[in-house]
Every structure is written in C-alpha cells, then in structure tokens.
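Input: a single structure, listed below in structure tokens.
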Amino acid sequence: MEFITYEVEGQIGIITINRPKALNALNSAVLDELDKTLDAVDQEAIRCLILTGAGEKSFVAGADIGEMSTLTKAEGEAFGKKGNDVFRKLETFPIPVIAAVNGFALGGGCEISMSCDIRICSENAVFGQPEVGLGITPGFGGTQRLARIVGTGKAKEMIYGARNIKAEEAYRIGLVNNVYPTEELMPAAKKLASTIARNAPIAVRNCKRAINEGLQVDMDQAIVIEEKLFGNCFETYDQKEGMTAFLEKRKVEAFLNK
Ligand code: CAA
C-alpha cells in the first residue's frame with residue numbers, strides 16, 4: 001500500500017489515509033487501496049475501526065482536483081461511482097467506524113467522514129462541500145448524506161454557498177459528536193473505540209444495521225428490521241453470557257463474538 005496504512009491495536013483497527021503531499025486528497029489509487037484495506041479487515045477480531053488522515057493539518061482535502069480536471073462526462077460519472085462504492089462499503093461495513101477528523105475535511109473528505117458511524121474532530125478541523133466553486137456537485141455522497149445528518153436547510157446553505165465551517169459550528173449543527181485539542185483527538189477516538197469494543201460485537205453490529213437500514217424505510221418496516229436483528233442476538237454465546245452475568249451479579253467474563 002502506498003497511500004493507506006492499517007494498524008491493529010488490540011481489537012481496534014486504525015486506517016490512516018496517507019498522502020500528505022496532497023493533504024490526503026483522494027485519487028483513484030487511494031480509493032482502490034481503501035477498498036482493499038476494508039476487504040482485508042479481520043472481521044472476527046476487530047470490533048471498531050478508526051479512520052483518520054496523516055499529519056495534523058488535513059484529514060482529507062477532497063477528491064483529487066488534478067485527476068478530475070480532464071474527465072469527460074462519462075468518466076466523471078464513473079469516478080463518482082468509484083468513490084460512492086467505497087464509501088458505501090464503509091457505511092455498511094459490519095464493524096462500527098469512527099472518523100477522527102484531524103484538520104481539513106473538504107469535499108470528498110467531508111463525504112468520507114459522513115460515511116462513518118461517528119465523527120469526532122480536532123479544534124483545527126474545517127468541514128465543507130466546496131464543489132460548486134469548482135464547477136461540480138459534491139460527488140461522493142455529499143448531496144445525500146449532509147442533508148440527512150444536519151438537515152436540508154443547513155446542507156443547502158453549505159453546499160450552494162460552498163461555505164466551509166469550523167469545528168465549533170460542525171459541533172453545533174450535529175455534524176460531529178465532539179471537538180478535542182489536536183493532541184487529544186486520537187486518544188479520544190481510541191477511548192471511544194475501546195468502549196464500543198467492550199460490548200457484545202454481534203449486538204453492536206446488529207444495532208448498526210438496524211439504525212442504518214431502518215432510516216431508509218418507513219416506521220412500520222423499520223420496526224420489523226429491528227425485531228429481526230433483536231431476535232438474531234438470542235441463542236448467541238454473548239447474549240447468554242451478558243444476561244447470566246447480570247443475573248449472577250458479576251461482570252461479563254468476555255464477549256466472544258459468537
Ligand atoms: N486535490 C488535489 N490536490 C490537492 C487537493 C485536492 N483536493 N487539496 C490540496 N491539494 C494539494 C495542493 O494542490 C498542494 O499541492 P502542491 O504543493 O503540489 O501545490 C498541496 O495539496 C497543499 O495544498 P495548499 O498549498 O493549497 O495548502 P493550503 O494550506 O494553502 O490550503 C486547502 C489548504 C484550503 C485545503 C486547499 O488545499 C484547498 O482548498 N484544497 C482543495 C479543497 C477542495 O476544494 N476540495 C474538494 C475537492 S472536489 C471533491 O471532493 C469532489 C467530490 O465530492 C467527489
């Protein structure tokens with residue numbers, strides 16, 4: 001891998017987009033490597049992923065403008081699909097993903113963070129969808145996910161105006177869950193990941209599916225999705241251990257993801 005590093009710390013996997021010369025901008029090679037990295041994650045052992053960018057200045061400064069500058073209409077559409085496919089894989093990845101946004105999260109950078117389950121950021125983070133200033137629309141899910149996360153009016157204001165926002169505003173509008181001093185961002189991401197990793201993995205994964213899939217359908221269908229995923233937890237070792245530990249007034253010995 002040239003542009004992605006993947007490290008494992010216990011039950012946490014850390015994916016770092018590492019193309020500092022271009023502020024970690026996403027070209028085709030980065031997207032391909034990210035796709036392969038996700039395919040290689042050990043889904044038995046890993047219980048939470050963290051996605052971040054190399055350096056302290058930029059998370060991801062967007063899709064690669066140089067690569068996009070000469071695309072035809074058909075190639076532009078294909079490039080959008082390439083990004084969307086990888087980001088959708090991330091969004092529907094069975095294991096929760098925390099975006100640790102350490103600086104610029106513009107265009108494709110804001111979009112990849114929105115494909116993660118939870119976003120936290122450093123005080124110097126900047127979010128935005130500046131695409132209309134480049135003569136294009138957001139193309140890796142920004143027109144869809146931003147409105148779903150912060151509401152239609154705020155999303156349209158940001159996207160139509162190509163208006164970037166700082167960390168505090170991102171927090172105020174619910175785009176990020178928390179803001180940290182730069183040096184505290186990764187420790188906070190790891191602490192959050194560890195908290196998630198301590199819980200029963202099948203249950204956590206079923207919660208992710210229930211929330212994500214339920215949001216796409218009406219409430220009558222959504223509660224059926226929940227019922228199936230709720231039922232799916234029963235008869236697992238982890239359900240038995242979790243409930244037996246409670247009834248025996250002791251701590252859970254270990255959740256085994258089975
Ligand atoms: N694509 C390609 N290269 C990029 C890049 C991008 N998105 N963002 C930054 N870079 C490169 C710069 O060209 C520069 O390279 P050189 O040193 O070779 O000139 C290097 O990274 C450092 O960037 P700057 O000198 O511009 O750094 P700065 O601190 O002055 O500014 C910045 C930082 C405000 C983030 C500025 O780089 C910037 O505005 N970048 C572009 C942000 C953007 O518009 N992103 C959206 C892209 S479109 C998109 O993402 C479409 C989509 O939805 C799929």
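Laid out as a table, the results:
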quantity: Added length on full extension, which subtracts the Cα-Cα distance from 0.36 nm per residue, Lys166 to Asn199; calculated: 8.6 nm
quantity: For peptides 192-202, 96-106, 231-241, sequence by mean Cβ density within 10 Å, most packed first; calculated: 96-106, 192-202, 231-241
quantity: Rounded to whole Hz, the Karplus (6.51, -1.76, 1.60) HN-Hα couplings of region 118-129, x for glycine and proline; calculated: 9, 10, 10, 8, 8, 4, 8, 5, 9, 10, x, 10
quantity: Potential extension, Tyr237-Arg209 segment - 0.36 nm per residue separation minus Cα distance; calculated: 8.1 nm
quantity: Theoretical gain in end-to-end length, Glu75 to Thr143 [0.36 nm per residue, Cα-Cα removed]; calculated: 22.5 nm
quantity: Descending semi-axes in Å of region 155-204, equivalent ellipsoid built from Cα gyration tensor; calculated: 29, 16, 7
quantity: Scattering profile of region 34-95 at q = 0.14, 0.24 Å⁻¹ [log10 I(q)/I(0), Debye over alpha-carbon scatterers]; calculated: -0.56, -1.11
quantity: Amide hydrogen neighbours beyond the local backbone of Gly55, cut-off 5 Å, H modeled; calculated: none
quantity: Region 108-230: equivalent-ellipsoid semi-axes (sqrt of 5 x gyration tensor eigenvalues, Cα, Å); calculated: 28, 22, 11
quantity: Mean separation of Cα contacts under 8 Å (6+ apart) over length of the chain, as relative contact order %; calculated: 16
quantity: Along each principal axis, Cα extent of region 178-247, largest first, Å; calculated: 43, 35, 15
quantity: Whole-number accessible area per residue in Å² for region 7-130, which is evaluated in the context of all protein chains at 1.4 Å; calculated: 38
quantity: Calculated log₁₀ intensity ratio I(q)/I(0) where the Debye formula runs over C-alpha points of region 1-126, q = 0.23 Å⁻¹; calculated: -1.45
quantity: Highest-MSF residue in the chain out of Asp35, Asp85, Asp220 [GNM, Cα springs under 10 Å]; calculated: Asp220
quantity: Nearest-0.05 FRET efficiency for Glu67 and Thr244, computed from C-beta distance (R0 45 Å); calculated: 0.25
quantity: Most fluctuating residue given options Gln11, Gln144, Gln221, as computed from a GNM of the chain linking Cα atoms under 10 Å; calculated: Gln221
quantity: Loop-located GluC sites (Glu not before Pro) in region 1-69, at most 10 other Cβ atoms within 10 Å (DSSP); calculated: Glu2, Glu44
quantity: Candidates Ile165, Ile118, Ile223, ranked by Gaussian network fluctuation over the chain, Cα under 10 Å, top entry; calculated: Ile223
quantity: For the chain, the fraction of alpha-carbon pairs in successive 10 Å shells from zero, as %; calculated: 7, 29, 34, 20, 7, 1, 0
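The values are calculated or read from the model by the stated rules, or taken from the named source; none is laboratory data. Just so it is clear, the structure is predicted and the values come from calculations on it, not from any experiment. Using ideal geometry, Cβ is built from the backbone for each residue, glycine included, and neighbour counts are taken over all protein chains shown. With ligands, DNA and RNA removed, areas are computed over all heavy atoms of the protein, side chains included. Shrake-Rupley method; radii C 1.70, N 1.55, O 1.52, S 1.80 Å.
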